[in-house]
1. Which residue pairs have Cβ atoms closer than 6 Å, lie 6 or more positions apart in sequence or on different chains, and pair a first residue in the range 201-212 that is closer than 13 Å to TYR166 by Cβ with a second residue that is polar (S, T, N, Q) and at pLDDT 95 or above?
2. Could you look through the range 254-275, keep only residues that are more than 16 Å from PRO287 (Cα to Cα) and in contact (Cβ under 8 Å) with a residue 24 or more places away in the chain, and pick out the one that is surrounded by the most Cβ atoms within 10 Å (Cβ to Cβ)?
3. Look through SER65, SER70 and report the one residue that is in contact (Cβ under 8 Å) with a residue 40 or more places away in the chain and of a type in the set (S, T, N, Q).
4. Looking at the range 155-174 only, could you name the residues that are touching a Leu at 6+ places or on another chain (Cβ under 9 Å), polar (S, T, N, Q) and farther than 10 Å from SER224 by Cβ?
5. Against the conditions (1) within 23 Å of TYR161 (Cα to Cα); (2) of a type outside the set (D, E, K, R); (3) surrounded by fewer than 18 Cβ atoms within 10 Å (Cβ to Cβ); (4) free of Cβ contacts under 8 Å to residues at least 24 places away in the same chain, where does PRO291 fall short? Just the number, please.
6. Restricting to the range 137-160, what's the tally of residues that are within 22 Å of PHE205 (Cβ to Cβ) and β-branched (Val, Ile, Thr)?
7. Give the residues of the range 93-105 that are of a type outside the set (S, T, N, Q) and surrounded by 17 or more Cβ atoms within 10 Å (Cβ to Cβ), sorted by residue number.
8. Within the range 109-127, is even one residue more than 27 Å from LYS419 (Cβ to Cβ), among the aromatic types (Phe, Trp, Tyr) and at pLDDT below 95?
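The values are calculated or read from the model by the stated rules, or taken from the named source; none is laboratory data. No experiment lies behind these values; they were computed from the predicted model shown. Counting neighbours? That spans all protein chains shown, and the Cβs are built from the backbone with ideal geometry, glycine included.
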Amino acid sequence: MKNFTILYITIVSVFSLNSYSQQSKIASGDKKYDNYAYIDAIKTYERVAEKGYKSEDMFKKLGNSYYFNSEFDKAAKWYGELFAMNSEVEPEYYYRYAQSLKSTGDITKANQMLDLFNQKSKKDTRGKLYEGDKNYLDQIKANSGRYKIEDAGINSKYSDYGTTFYQNKIVFATARDTGGLGQRKHKWTGEHFTNLYQSDVDQDFNPNAPKKFRSKINSKFHESTPVFTKDGKTVYFTRNNYIDGKKGKDENKITLIKIYKATLEGDKWTNIMEVPFNSNNYSTAHPALSPDEKTLYFASDMPGTFGQSDIYKVSINNNGGFSSPVNLGPGINTEGKETFPFVTDENEIYFASDGHPGLGGLDVFVGKLDDSGVSNIQNLGSDINSPKDDFAYIIDTKSRRGFFTSNKDGGLGSDDIYKFLET
């Protein structure tokens, strides 16, 4: 009996220590997750999960950490574990699981999840769009077969994305390793912060070897998605909340992203300043100009946004000032993400969305733009779009050549730039 008691106490003690150890690791993972260090959080959570520990909260956070980094096939695994434990979760998880399942090719189950999402969310635009167009895959198929697509030839093993036209060049963002000792890494993705690079292009839009955009526009934090005026003397671009050596933070001590403006004086970009509709409490990003350069379009999660990010516009006044932002409305914006706008001289707006019916992740869509909003929105089809993230589409309407970004399978890095010819 004495030996049995000793054995029992030993087993209980080992179990208690193991349980304490797991809870300690979970707490560590939660801290990383709450600080948006998703890559580090994944490593911690997966070590715990490998030992057989199960928790709805952990499975949610594991799924989200992969989902927010656009690794949808891995997100599907952990959302699947979540639903195996409990299917009565918040409606958003039905949508994220559906989007993630598309990445694995399980369209049937994805559509089942979308049906359940629509039943549970009731008024969510994403569910209504799916319910109103359950044959969306037929439309996507009909819009396919119009593009010749190639790797742009400027990609690295890191993230490369967000091209823009600039004179006889393209400018894009990249997280490639520059070899600098002080080059920082972003805790969200685990990659280096992005800088702007440029590449000359020939008449067929073939880029040559890229080189760093030598300018004070590049800082030690993220820069991306610039847009230049036609005379090449003004640029709007996205950057972390950082100017004049000072980093701004919101009330949760998070550094968001903002739109900045700079002007060219001689051969130097100067007068770098924020646009006045920025805020420390929400993000503005991915600027695009109208053909007459009197309107600036951008993505934001500012108050009044329908979903996770919406597309807005501001008028650019003759004195260089800006009007108040105007949401482009429910014709284009959903409860999901609408982002990366691009406007052509034919008054078409191309944008990326995970709220309109698509193949999974962000898909590229096009709509007709007028004073009343955006209409006749179409998915560009499976040439451009994939079950992963496809975004940052730009096109020269005369040659019908352009570029877009995707993290689809077969690429060199986490995001890659592709060139296309629309036939």
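1. From residues that are closer than 13 Å to TYR166 by Cβ, the pairs are PRO207/SER199; PRO210/SER199.
2. Checked the range 254-275; the qualifying residue surrounded by the most Cβ atoms within 10 Å (Cβ to Cβ) is TRP269.
3. The unique qualifying residue is SER70.
4. ASN155, SER156
5. (4)
6. Residues in the range 137-160 being within 22 Å of PHE205 (Cβ to Cβ) and β-branched (Val, Ile, Thr): 2 in total.
7. TYR93, TYR94, TYR95, ARG96, TYR97, ALA98, LEU101, LYS102
8. No, the range 109-127 has no match at all.
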